[in-house]
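Undergrad: First, the structure itself, so that you have it in front of you.
Nothing in this text is a laboratory measurement; each read-out follows from the coordinates by a stated rule. All figures in this text were calculated on a predicted structure; none of them were measured in a lab. As a convention, Cβ positions derive from the backbone with ideal geometry for all residues, glycine included, and neighbour counts pool all protein chains shown.
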């Protein structure tokens, strides 16, 4: 089409053909029901949202509004007024009034009037040079459309300035834009040149206008002076943009959303614009490298603060955060995460080294650990555990992944051996304050083991396994250190268990019990749970020593009477041991079962019964060896060598057929020749 917008002959023929087809379609379609290619929902009264219903006469030749005389005082018929005639007339502003006054609240009406003028101008049957005489009107229409679009986009630029634009004005501007866009689509359906005012892609112009609006607001965002305290310039910039984003998105879902048809999904559109703009600004900042403090701050915005904004109830119901994704891509996040996690590792290592150094200095000065409720305690484990838990949990939030945060605790594989070395030095030098320190350390070891056993998510598997092994070794060595003096005192008493006095003189075992009770009193000083474990360990070692001495006893049990007497003696001794250690805090009741079964083997006379009892003992404690069985049966001189072999073979065959995983190894601690 030429600059005067007059169709050529071929175009006029195409227009005529299109007119004949379009005049057949219904004229009840509302201009307000179309928006950027989508319909507006009706209000409760069945009218399109935001205004009164009117006909959109595309390409029609009727003179719709020109025959209506607004404010006419002449009665329509016979000089009489009907009741309807007496109703007040709503005077709609003219196009000239709207454009002259720049009245944003009536842009929708202006758009409708322009479309109707366009339809009248191009909708009549086209004859040769029929539009030549309308060139002036065509030019006027082009100017009016230009002014209308200018007003529409001026209004849209104020979308996020509620103090400068009303909801009614923005709603009218959006509807006007939608009407013009819909009319553009009608022109594009035909195969002819469109008027000059139909060349713009208003949908894209609408998007670019809002994008420019968002960018301007983010670039000019500010923070109150009071909120800038103790912030770097980088943090001020990011915080101001973040606050602007949050406030504007809340405004969109609470106000702007009402001005757009639901189908346009304006909330997610704005969210996408703010996300892209914020992300772009942060990328530029991240590319230059950041100090540790600013690096942490940026990661918190990406993985914590920004998601929290989108999770606000007011926003989460309107904005799809998953579609938006993260503010920074993985290639930028990875070096930031590595910088942050490396710094956390350094801080944890520095802290643990300092805590252990302070504990060692107190030991070297001869200081004893503090007491709480009569027990020696150390805060080494507590302080370290609190920091580990806090660091990893916080880091998981900052980097957005608990598995990435676990790298912080990998240092413990190298740091716990330092704790072990400190404990070994304390035991080796055996100063006056060494025992109290080891008793306090047992509490630390228990706290660490609970951490690794119950807080799996804080550690990588290999770190957890390695550290638990170190702690197990530390606990065992601490028990050995504390119990060694006890066994030194009890050793002479153990010796008597392997002589004939064991059966003949009751005071032999009573002396052993008295000495143990006294020594156990000296073992106190650890927290209750650790003391119970220590006494339980002593209970096992004393029982193992008792069985070892029994299997080496020089007295031979020749007949049923002697064997029954030995049975009763072992039963009595087992009950006495259980009573003593039970009162002292041991929970190892299972040790009584071992002595009871050994006693039962000594009492039984029939080979099948002996076989069954030995198999029962081996089933409960699969570390029972043939040497142990042989030594036990040798006490019974009336059991032949062949019978002993039969019993051992029976046990061996049975253990091969079962899953002999010993939950409580015992006989492996009893050395026999």
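Undergrad: Calculate log10 I(q)/I(0) of segment 465-525 for q = 0.14, 0.19, 0.24 Å⁻¹, where I(q) comes from the Debye formula with a single equal point scatterer on each Cα and nothing for solvent.
TA: Taking Cα atoms of segment 465-525 as identical point scatterers yields -0.54, -0.75, -0.94.
Undergrad: Sort 549, 112 by Cβ crowding within 10 Å, fewest neighbours at the top. If you can, show how the numbers build up before the last one.
TA: Numbers: 549 18, 112 24.
Fewest to most other Cβ atoms nearby, the residues stand as 549, 112.
Undergrad: Right, next: Tell me the relative contact order for segment 497-669 as a rounded percent, counting alpha carbon contacts under 8 Å between residues six or more apart.
TA: Details: 165 pairs, mean separation 43.0, N = 173.
Across segment 497-669, relative contact order equals 25 percent.
Undergrad: Once you keep just the Cα pairs under 8 angstrom separated by 6 or more residues, what percentage relative contact order results for segment 333-475? Let's see the in-between values first.
TA: Values: 143 pairs, mean separation 44.2, N = 143.
Relative contact order for segment 333-475 comes out at 31 percent.
Undergrad: Still on this model: From the mean inverse distance of alpha carbon pairs (Kirkwood) and the Cα radius of gyration, derive Rg over Rh for segment 333-475. Let's see the in-between values first.
TA: Working: Rg = 16.1 Å, Rh = 15.9 Å.
Looking at segment 333-475, the ratio lands at 1.01.
Undergrad: Can you give me the Kirkwood hydrodynamic radius for segment 131-236, using every pair of distinct Cα atoms, in Å to one decimal?
TA: One over the average 1/r among Cα pairs gives 16.9 Å for segment 131-236.
Undergrad: If you don't mind, there's one more thing I want to ask. On average, how much area does the Cα convex hull of segment 408-473 cover when viewed from any direction, in nm²?
TA: Details: hull surface 17.0 nm².
Projected over every direction and averaged, the Cα hull of segment 408-473 covers 4.3 nm².
Undergrad: Determine one quarter of the surface area of the Cα convex hull of segment 617-673, which equals its mean projected area, and express it in nm² to one decimal. Walk me through the intermediate numbers first.
TA: Numbers: hull surface 15.8 nm².
Here the figure is 4.0 nm², rounded to one decimal.
Undergrad: Just need the Rg to Rh number for segment 287-352, please, alpha carbons only, Kirkwood Rh. Let's see the in-between values first.
TA: Values: Rg = 14.8 Å, Rh = 13.5 Å.
Dividing the radius of gyration by the Kirkwood radius yields 1.10.
Undergrad: On to the next question. If you average the sequence gap of Cα pairs under 8 Å that are 6 or more apart and divide by the length of segment 219-328, what percent do you get for the contact order?
TA: Numbers: 63 pairs, mean separation 35.3, N = 110.
So the answer I get is 32 percent.
Undergrad: Give, in nm to one decimal, the length gained when the segment between residue 641 and residue 276 is fully stretched (0.36 nm per residue of separation minus the Cα-Cα distance). Mind dumping the intermediate values first?
TA: Working: separation 365, 0.36 × 365 = 131.40 nm, distance 8.99 nm.
Extending this stretch completely gives an extra 122.4 nm.
Undergrad: Could I ask something else about it? Over the Cα atoms of segment 219-328, how large are the radius of gyration and the largest Cα-Cα distance (Dmax), in Å?
TA: Radius of gyration, then largest Cα-Cα span, for segment 219-328: 14.6, 46 Å.
Undergrad: Sticking with this one: So what is the diffusion coefficient of segment 497-669 in µm² per second by Stokes-Einstein at 25 °C and 0.890 mPa s, using a Kirkwood Rh over Cα pairs?
TA: On the way: Rh = 17.0 Å.
Roughly 144 µm²/s, to the nearest whole number.
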